1. Using just the helices of chain B, give the 222 nm mean residue ellipticity in deg cm²/dmol: DSSP H runs with n ≥ 4 each add -39,500 (n - 2.57), and the total is spread over all residues, rounded to 500.
2. Kirkwood Rh, Cα Rg: Rg to Rh for region A:1-160?
3. May I ask you to evaluate 6.51 cos²θ - 1.76 cosθ + 1.60, the Karplus curve with θ = phi - 60°, for each residue of region B:23-29 and list the ³J(HN,Hα) values in order in whole Hz, giving x for glycine and proline?
4. Of B:Ser64, B:His311, A:Asn135, which is farthest towards the positive pole of the protein assembly as shown's charge dipole, taken about the Cα centre with +1 and -1 on the beta-carbons of Lys, Arg and Asp, Glu respectively?
5. Give me the log10 of I(q) over I(0) for region B:265-317 at q = 0.13, 0.21 Å⁻¹, as the Debye formula computes it from C-alpha points; what are the numbers?
6. Amide H neighbours of B:Arg288 under 5 Å, at least 5 residues apart or on other chains, H built in the peptide plane: list them.
7. In a Debye calculation with equal point scatterers on the alpha-carbon sites of region B:223-409 and no solvent, what is log10 I(q)/I(0) at q = 0.13, 0.15 Å⁻¹?
8. Viscosity 1.306 mPa s, temperature 10 °C: what is the translational diffusion coefficient of the protein assembly as shown from Stokes-Einstein with a Kirkwood Rh over Cα pairs, rounded to a whole number of µm²/s?
Amino acid sequence: MKEPVTEKWILEGGAQCISALVPNAPLLCLDIWCKAGSINEKKGEEGLAHFLEHMLFKGSGKLAKGDFDLKIESIGGSSNAATGYDDVHYYVLIPPDKIDQGIDLLAQLVLNPLFDKKEFDLEREVVLEEIAQQNDQPDETIFQSLLEECWSNQPYGRPILGSEYSLKGTSCDSMKSFHERLYLARNIVLSIAGNVPTNIKDIVQNSEFGALTKNITKNIDTINQSDHIFYTGYKELKVERLESSRIIIGWELPPTKDEFNSIGADIISSLLAEGRKSLLVNTLVEKLRLVNNIDVDVTTLEKGGVLILEALCEEKNIIKVEQHIHALISDIGKNGISKEDFNRAKKLVLNSHCFYQETPRQIAGLKGNQHLWGRSTSLSKEKEIADKWTPNKLKDRIINNFIPENSFTIIATQK
Amino acid sequence: MINSNLNLEFCESTNIVVAKAWIREGSRSDPKNKKGLHQLLAASLTRGCGEYDSDQIADIIESSGAYLRSDANEDGILISMKCTQEDHLKLLPIIKLMISSPKLNKEQIKLEKELTIQAIKRQKENPYQLAYKSWKKLVYNKTDYEHDTLGTIYDIENTTLNDLECLAKELICREKVIVIKGGIDKKGVEEIFGDSNKKNNRIKVSDTTLQLSKVNSIEDSKITLETIDSSQVVIMYGNKSTNHSNNDDINLRVLSCHLGSGMSSVLFKRLREQNGLAYDVGIYNPIREYNTPFIIHCSTNKTKAVEAYKHIKDSLHKTFSNELTNEQLELAKTKLISSINHHSQTIAQKSERMAILLGYGMKEDFDVSCIEHVKSLTSKDIMDTANKYLDEPYLSLCGSEEGLQLIKNNL
């Protein structure tokens, strides 16, 4: 894959910028990333990071409610936002010749919000509906339960959306102070990908983004984040309307900044459950036919991640399936990983990274997030890292930790 | 363009290759008591073809870090492959074999049937799926788009190897389109697929003017209720519309942009921004060869469901009697035109769009002519089309008994 040429620079107030050139792309993506995820919420603020993401669309110093959406969509663009545990980002996808307008609008949206009490109360109703919708999905309920157990009483264990109780306890003032505390120039990256003009630095400097980030440089301490502890354990859960039982097992992973082990975890994930030749799918779905679906997902976060294995099966097979999963992983630990399986998994990982860097939105998102957290990964660097892994290293450093005692397991069956 | 079946495009800037093979006829052609047959066959195609068995196909694909999928929708079977430039000439022959020489193994079919049955059961976990299934049953009553692509548990259980073999033999004769884009070796690809064109008898199973039979006009019920234990009620409200090749479909897509596309749309503003009634609200108007659904959907707390339904109903019904203002019309047109750019960013998106267009018997440059048509539209055109297709909408509700009763009492 031909990697986009990137350029990085810092604005006067300390906000960082990164641009990635994708020639001939019909759309350009502007993506503001901010270290203001739910991990930064204090007691009583649970759900506020995400609720704030909603509220920023409800008007700013220069834009009336709905104006941002109208203006962006009138120029043939679209917008969206997402809140994570560590960070939040807001992006627009616009025709390249509308870049000046796009930056000004996005900067106004994110950095100069109005906090109208009436709008706050109304939007809280919308977030409560979002929570209710999520709670009606059995998969979401089980996933959230696992995170609550693995990171009990810690920020990563709390739902990003908060709860009905916590949201009803928040106020417009507390949201404003959350914004002032975290949406600071030094916490922000503007990522631009697409057919970026050559004078991009001047455009950004002279835009509202340049002007607004100059004024948000105060040195306010973020909250003291407590130690990050991963809890192990076992829990049985009864869930409404569950048609297939689930075995869901979480194992601790290192933080994202540990790029070597993060890529190792990706290779393990492929080795275990990507494709019919993967070890677990091949045995449990294809040969033994005990499992309907098995999936391994790697969630990497700044303070430490989790590898989640989820198997769907009939309730009567749960114990058998659980035993097989641990026996298979233990076998790999004892007998090692074949070169063939290792190469297959490595190639799937490297190709999927390459396949996911095609559009300006994907590239702006990836580059913006990496730059926000001081990483600078490229496809060639990822390949270099992956090439340092060997089947034995994977076995010794990762697989051997994947024992039942190191996991949190949830067995979910129908209520 | 090589011929009417094979569409190739070399893109210098990428080393990704995407192939999409579209074979006409999907679940709409499932036999009456074999619902799910096309999807079952589609899934089984990756489990054996030519000299390869399931294990060998998986081995070749996965060791190349590639992806291969095969699924059916209502109108056809779509085989998708994504790989790197270096592997494409090695992997593309598998697609050819899946179409020309499917190899159906009894044990593999048994497994695929079990997996399908479990997937059908899991659909019940999703309130949206339940509401949509009921809505389709009501609207496409006893016509070809009525049943879900996965079929029913009873029919899947009763599908035999022979049923699948008979259908598999038909694939080679069915109308098909193969679109391959990316860092391709054009000559090499032509060498692979050259034969497939000669073998293809190109029988035209149906033509694009064919209409599915209409919903029974004496159907007295326009409401369906599905009771489940949930906190929210899912509301689906709309009707079937028209063929993708019909200009009226474009008019309705402009209407869809006005009502439900983006945060400046009518439904988003009314239900979410102004009244805080729902998080998820929008329009489901997928691309289908024939009478595609046009559905307003939202999920909301049972205590707000009545109010939400009133807003949905009013928003739709206003379009029958009130023409859009110039500003509204221009905004909706801009949204539709820009959505073409938004949905053609990746090689996979471009390839699938081309395969669908050609597979429906439409022109390669349809989207260009679509833009011209959109530009010429008036508010009256939109209102007339809304009246023509949507004036008698069907309502599907899924939620707790209490929530459903509240709406029912307020209809």
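The values are calculated or read from the model by the stated rules, or taken from the named source; none is laboratory data. Because the structure is predicted, anything quoted here is derived from the model rather than measured. Here the Cβ is made from the backbone with ideal geometry for all residues, glycine too, and neighbour counts use every protein chain on show. Side chains are part of the model used for accessible areas, which takes the heavy atoms of the whole protein and leaves out ligands, DNA and RNA. Shrake-Rupley method; radii C 1.70, N 1.55, O 1.52, S 1.80 Å.
1. Numbers: 15 runs with 185 residues, N = 411.
It lands at -14000 deg cm²/dmol.
2. Numbers: Rg = 17.8 Å, Rh = 17.7 Å.
Value, to two decimals: 1.01.
3. Result, rounded to whole Hz: 10, 5, 5, x, 4, 5, 9.
4. B:Ser64
5. Taking Cα atoms of region B:265-317 as identical point scatterers yields -0.32, -0.72.
6. Amide H neighbours of B:Arg288, under 5 Å, 5+ apart: B:His244.
7. The calculated log intensity ratios at q = 0.13, 0.15 Å⁻¹ are -0.70, -0.90.
8. Numbers: Rh = 28.4 Å.
This corresponds to a translational diffusion coefficient of 56 µm²/s.
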